[in-house]
1. For region 408-458, which positions are part of a loop (DSSP other than H, G, I, E, B), within 21 Å of the chain's Cα centre (by Cα) and within 27 Å of T500 (Cβ to Cβ)?
2. Look through G77, G26 and report the one residue that is of a type outside the set (S, T, Y) and either more than 26 Å from the chain's Cα centre (by Cα) or surrounded by fewer than 16 Cβ atoms within 10 Å (Cβ to Cβ) (or both).
3. Assuming F480 fulfils every condition listed in (1) part of a strand (DSSP E or B); (2) within 16 Å of the ligand (Cβ to nearest atom); (3) of a type outside the set (K, R) apart from one, which condition is it?
4. Starting from region 94-107, take each residue that is closer than 8 Å to A62 by Cβ and list its partners that are of a type in the set (S, T, Y) and part of a helix (DSSP H, G or I), counting only C-beta distances under 8 angstrom and pairs at least six apart or across chains.
5. Filter region 503-543 down to the residues that are in a loop (DSSP other than H, G, I, E, B), among the hydrophobic types (A, V, I, L, M, F, W, C) and buried (at least 16 other Cβ atoms within 10 Å of the Cβ) and list them by number.
6. Looking at region 193-268, what helices (runs of 4 or more DSSP H) fall wholly within it and have at least 3 residues that are more than 13 Å from the ligand (Cβ to nearest atom) and over 20 Å from P41 (Cα atoms)?
7. Which residue pairs have Cβ atoms under 8 Å apart, sit 6 or more places apart or on different chains, and have a first residue in region 197-212 that is over 17 Å from V447 (Cα atoms) and a second that is within 15 Å of the ligand (Cβ to nearest atom) and at pLDDT below 85?
Amino acid sequence: MPPLDGFTPWPGETAARYRADGYWDGRTLGGLLRDSARRAPGRTALVEGERRWTYAQLDATADRIASGLRAHGIAAGDRVLVHLPNVAEFAALLLGCFRAGVLPVLALPAHRESELTHLARLSGSVAYVLAGDDAGQEGARLAEAVTAAAPTVRHVFATGTADGPWKPFGLLLAEERGEFADAASPGEPAVLLLSGGTTGPPKLIARTHDDYGYNLRASAAVTGTTEDSVSLVALPAAHNFALACPGMLSTLWAGGTVVLAPGPDPETAFPLIAREGVTSVALVPPLVLAWLDAAELLAPDLGSLRLLQAGGSRLKEEAARRVRPVLGCALQQVYGMAEGLLNFTRLDDPEDLVATTQGRPLAEADEIRVVGPDGTPVPEGGTGELWVRGPYTPRGYFRAEDHNRAVFTPDGFLRTGDLVRRLPTGHLVVEGRVKEVINRGGDKVPVEEVENHLLAHPGVHDAAIVGFPDATMGERSCAFVVAHDPASPPARRDLVAHLTALGVAAFKLPDRVRVVAAFPRTGLGKVDKAALARSLAEEGAAR
Ligand code: OOB
């Protein structure tokens with residue numbers, strides 16, 4: 001199989017070092033489940049609603065899907081756009097893809113045709129897999145939009161029983177023919193993750209079997225995930241945090257039980273925790289707040305819960321300190337990114353570090369730099385941009401050469417765009433960011449992308465999006481708009497309807513819209529977003 005074009009490998013010497021030091025073990029992700037299934041075939045691997053799979057059953061299903069992909073002419077190295085909620089089919093499909101050497105491209109359930117068509121085209125996907133049932137007519141529209149926009153897409157499969165422009169997911173399951181011979185190579189990409197935020201159109205990151213395998217094993221170790229663990233996957237499983245930090249995949253690697261929740265709200269999750277004896281869960285900060293408030297009100301039985309991970313955006317100290325007294329479990333802060341680097345507070349860290357920092361790097365080999373605007377290190381303890389290089393941080397975005405030249409240094413450091421402060425213990429505190437992304441409670445709003453969509457509205461002359469603080473979400477988005485015709489400026493509902501018609505994910509819709517006569521400019525003539533943010537703050541203060 002030729003190497004995947006558009007993937008930037010680590011330099012040979014670095015790769016050799018990561019192998020020699022045991023970060024990369026030369027195994028494939030398809031092998032991970034095989035090992036767990038051989039060790040304990042009768043254990044429960046997966047629970048979804050009333051459906052349960054043992055390791056042996058999940059393993060056999062993954063083999064059948066690997067064969068089924070091949071039977072449909074989907075070969076090693078091909079990409080498949082996966083757009084599924086937290087259902088068992090998602091887990092089985094991923095594992096089948098890993099074995100067949102087929103790369104799943106992980107869209108989030110919230111994504112709509114704008115994101116999906118882009119991802120299908122960028123990845124050159126040959127198939128699109130979606131949820132047919134709950135989406136109703138929406139699913140049919142998405143299927144048609146994706147196949148129309150991306151001529152490489154030859155197959156559409158949908159879960160559920162609804163008819164539509166697709167084949168039933170069941171057709172992907174070939175007849176049982178025993179073990180599928182693993183077709184993947186450890187140094188090659190295994191999965192394409194969506195970046196949580198960069199400038200320009202959405203980016204993909206190719207994670208290799210070697211690098212993601214390390215990510216899985218080390219995440220299991222740092223969270224104490226073992227065969228006794230029962231992990232609730234409440235965030236979208238397609239997101240790195242819920243997928244592999246440790247999430248679904250590390251738990252399967254460790255031989256534990258994965259419980260897929262249809263949603264992350266306390267009303268759904270609390271009964272599941274009690275029923276299944278859940279031991280750990282990963283949440284974004286707004287959900288941590290919702291769980292804390294609901295637990296105080298409902299006094300649910302959360303006796304089995306040992307660990308709550310919080311990440312995706314900054315958790316407030318006050319919320320962090322409520323976790324143990326209210327939920328009765330330990331807190332672990334996680335500062336991670338689809339690009340690779342993961343930071344965790346450790347289970348034996350003093351309480352103050354857990355409450356006030358976003359953790360320290362997972363790997364000894366994670367090389368961290370905290371630099372000023374000129375790229376030189378800030379004095380120890382100062383705030384600067386985080387740059388990173390390491391065994392699970394790939395050296396480029398997928399098929400994004402120009403962007404890579406801007407975002408990676410010549411010696412391979414990723415400029416994360418996050419502003420951090422490093423404590424003497426190595427723990428990082430996320431203080432802000434330099435990249436143009438709004439972090440809406442863990443959902444990343446790519447500012448430039450949404451601005452471009454707004455510019456396509458006939459009533460919009462110019463658009464600038466800025467974040468504003470919000471007690472629950474951390475941040476929300478405000479679109480400042482200069483109208484073409486100041487006498488009849490577009491209203492928020494017009495702009496929301498416009499963005500929705502373009503098929504933009506709901507979390508990207510501006511929470512506020514402000515029409516202005518002109519944008520304030522910086523000395524260089526750029527839109528002065530800091531001034532726009534100040535004007536919003538003053539507005540808030542005046543209320
Ligand atoms: C996770 O991944 P992404 O790719 O959706 O977003 C990454 C960005 C980071 O660059 C940072 O700006 C922000 O999200 N972020 C945090 C944070 N965790 C992520 N900012 C402050 N505090 C935190 N704890 O969000 C992600 C991936 C794996 C594990 C956890 C989170």
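1. Passing the criteria: K435, E436, G441, G442.
2. G26 is the lone residue from the list that is of a type outside the set (S, T, Y) and either more than 26 Å from the chain's Cα centre (by Cα) or surrounded by fewer than 16 Cβ atoms within 10 Å (Cβ to Cβ) (or both).
3. Here F480 meets the rest and fails (2).
4. Within 8 Å, the pairs are L95/T61; G96/T61.
5. V504, A505, L509, F519
6. Values: elements: 209-223, 240-244, 247-254.
Of the helices (runs of 4 or more DSSP H) lying wholly inside region 193-268, those with at least 3 residues that are more than 13 Å from the ligand (Cβ to nearest atom) and over 20 Å from P41 (Cα atoms) span 209-223.
7. Note: no pairs meet the criteria.
The values are calculated or read from the model by the stated rules, or taken from the named source; none is laboratory data. Since this is a predicted model, take the numbers as computed values, not measurements. Glycine gets a Cβ as well: all are built from the backbone with ideal geometry, and neighbour counts include every protein chain shown.
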